[in-house]
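Below you'll find the structure, written out as structure tokens, and then a few comments.
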Amino acid sequence: MKHDSQDPFQGTFRSLEEVADRIRERLHCPVTIEDANHRILAYSTHDEDVDPARIATIMRRKVPENVIKTLWKNGVIPKLFESEEPVVIPAIESVGLGRRVAVSVRKNNEILGFIWAQLNGEVSEEELGLFKKAAKVVKNQMLQMQIKQRKSEEDHREFFWQLLTNHLKDADAIQAQSEKYHIRLDGQLAVVVFGFDEEIHQSLERHIHYYIEASRQIGIVCSAIDGNQLILLVRPHPTDAPGKEVSDFVQTFMEKISERVNVEALQGAAGKLYHSPLHIHASYKEALHTLSVKERFAEEVSDINSYQDLGIFQFIDYLYEKRVRDHYTNQYIETLRAYDKKHRSDLLRTISVYLRSDSNVNEASKALHVHANTLNYRLKRIADLTGFNFKDPNQKVTLYIDLMMERLKR
């Protein structure tokens, strides 16, 4: 390598390891170079005097989650996101982290990664300046790696979209493609879709991928972004309740991302689990349907995150289309609507809330803001007017469904 005494980072470096070792030579401390998700790309040699956090990072090829969380809470990572200046970090003994200096590696506003050095003494302004110069060299190396990585990711995404849209229908062809791209499609798989209130921009995408990488709550097989939607192909860990694990992941993701990046109106939904990649497109359609139901029937399905748990709402659109084709009207609904209009009463809403409350008088009366006796009087009036049998589960289910489909006419 060619370099002069003024700039030790001039010339050509064959690898990130060479850059890491050059930084170590100048700063006399161990160095790691990480990508934007805190996975190790290279690390320098070191003496025996290294802290537990460095050892754990090298062994796992990634910064431990407890260290990352602490650095977020202490404001270190936000500082690295916001500025290209080196940040000196005091020791954090609770996670085995010695004193550090770190700098973000960036191209314009895009974070490519980070350089970390474990400090064994004071660091001068001159050395911090060298650290910034090193970041520029690492940037060039990372951009070359990024070009290759993006080509690979584009190929992965194209394959994923072919599965989502059912353009790959041959099991052997899917197997060949999955082996080519080193994508495991064995076991149970489900598609999860998250809908944001705006198009997913680069900063939000970075936070999303960071959380997914750090969480490990569920296996992520493939991912894609479509406007304001994040689409994931997930594989639950071996468990007696894989469907619950997928649903819990959806709920936790929504809570954590909303908390971390302050997004509004984030919704998530999962399709069913399937054992064959031939059914990935079906799981995708189910996830989209679940999102649609959650948008239209927010109150009724607010706690539901998966198609499997939608119950009758799995079929609500098909039933509605049949009702329209058959020119069907529910006589109970028509009778109560006419009565309410004539007498300015609220019987139709009363029975809707009552059925939605699973025929629980106390819950329904609270939702209606009336006394339980008032509700019972209304229910008796409904029965007298329509002949509706509140003890017949078949009548109750049918009326509940028809009341829900009334909402689709609006």
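The values are calculated or read from the model by the stated rules, or taken from the named source; none is laboratory data. Source: prediction; values computed, not measured. Positions of Cβ are generated from backbone atoms using ideal geometry, with glycine treated the same way; all protein chains shown enter the neighbour counts. Please note that ligands, DNA and RNA were not included when accessible areas were found on the heavy atoms of the full protein model with its side chains. Shrake-Rupley method; radii C 1.70, N 1.55, O 1.52, S 1.80 Å.
Summary table
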item	result
Within the chain: Cβ-based charge dipole about Cα centre, in debye rounded to nearest 20 (Lys, Arg +1; Asp, Glu -1)	1260 debye
Placed amide H near Gly268: partners under 5 Å, 5+ positions off or other chain	Gly195
Residues of segment 300-365: accessible area per residue with a 1.4 Å probe, Å²	62 Å²
Selected from Glu299, Glu122, Glu93 as most flexible by GNM, with the chain as the system and alpha-carbon contacts under 10 Å	Glu122
Segment 337-393 and segment 48-111: distance between their alpha carbon centers, rounded to Å	60 Å
Listed pairs Lys244/Lys322; Lys62/Lys133; Lys180/Lys244; Lys244/Lys366; Lys244/Lys396; Lys79/Lys256 exceeding 26 Å between Cα atoms	Lys244/Lys322; Lys180/Lys244; Lys244/Lys366; Lys244/Lys396
Residue-averaged 222 nm ellipticity for the chain, from DSSP H runs of 4+ at -39500 (n - 2.57), nearest 500	-16500 deg cm²/dmol
Percent carbon-and-sulfur accessible area, segment 76-143, ignoring ligands, DNA and RNA, probe 1.4 Å	46 percent
Calculated P(r) tail over 17 Å for segment 173-222, as whole % of Cα pairs	53 percent
Gain in span if fully extended, Glu110 to His327, counting 0.36 nm per residue against the direct Cα distance	72.5 nm
Segment 226-330 - percent of accessible surface contributed by carbon and sulfur, probe 1.4 Å	49 percent
Segment 181-298: C-alpha pair distances exceeding 26 Å, %	14 percent
Viscosity 0.692 mPa s, temperature 37 °C, Stokes-Einstein D of segment 355-410 from Kirkwood C-alpha radius, µm²/s	269 µm²/s
At most 14 other Cβ within 10 Å, DSSP loop - chymotrypsin sites (Phe, Trp or Tyr not before Pro), segment 113-148	none
Fluctuation leader among Pro78, Pro242, Pro86 - the chain, Gaussian network, Cα springs under 10 angstrom	Pro78
Accessible area per residue in Å² at 1.4 Å probe, computed on segment 81-224	52 Å²
Spacing of the two label points (7 Å from each Cα toward its C-beta) at Lys391 and Arg344, in nm	3.7 nm
GNM flexibility winner over the chain from Arg106, Arg344, Arg24 (Cα, springs under 10 Å)	Arg344
Value of relative contact order over the chain, rounded to a whole percent, pairs C-alpha under 8 Å and six or more apart	10 percent
Additional length obtainable on full extension of the chain from Lys256 to Lys133, 0.36 nm per residue less Cα span	40.7 nm
Entries in Lys69/Lys285; Lys73/Lys139; Lys285/Lys342; Lys107/Lys272 that, when Cα-Cα distance is taken, lie over 32 Å	Lys69/Lys285; Lys285/Lys342; Lys107/Lys272
